[in-house]
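What follows is one structure encoded as structure tokens, with my remarks underneath.
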Amino acid sequence: MSDQVVAAKASEQAASRAALIKLVFFAATLIILPISSYFFTEKYVWSGNSNYAAITAICAANIVLIAYIVVSVVEDKQSFKDAEEKKLKLSETKKER
């Protein structure tokens, strides 16, 4: 195998590993944050009013989902920019040959 193929496979595996870690992080956050915010706000903030505590938990879940979407869009833009730079460098090296 050439060095370029090995480097490409290594970077692909690193990217997929990073995506998996990010997905697990946001999944855990989506489980833990709404439940903990419900019980915390029901006991300490809303003094036993479960309706307001449920609304707080819903807002917490939506915040996590919005954060995941924003992070994904930013990462996608960055990967698109990196791919364009690679194409530009590759075309420049072909022109030099």
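For the structure I just gave you, tell me whether SER36 is among the polar types (S, T, N, Q) and at pLDDT 85 or above.
So SER36 passes the test.
Condition check ((1) surrounded by fewer than 17 Cβ atoms within 10 Å (Cβ to Cβ); (2) under 19 Å from SER72 (Cα atoms); (3) not aliphatic (A, V, I, L, M)) across all residues:
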| site | (1), (2), (3) |
| --- | --- |
| LEU23 | yes, yes, no |
| ALA27 | yes, yes, no |
| PHE39 | yes, no, yes |
| LYS43 | yes, no, yes |
| GLY48 | yes, no, yes |
| ILE55 | yes, no, no |
| ILE58 | yes, no, no |
| ASN62 | yes, yes, yes |
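Just give me the residues in the range 40-57 being assigned to a helix (DSSP H, G or I), of a type outside the set (Lys, Arg) and over 13 Å from THR29 (Cα atoms), in sequence order.
Within the range 40-57, PHE40, THR41, GLU42, TYR44, VAL45, SER50, ASN51, TYR52, ALA53, ALA54, ILE55, THR56 meet the criteria.
The values are calculated or read from the model by the stated rules, or taken from the named source; none is laboratory data. Quick caveat: nothing in here was measured; it's all calculated off a predicted structure. All Cβ positions, glycine included, derive from the backbone under ideal geometry; neighbour counts span all protein chains shown.
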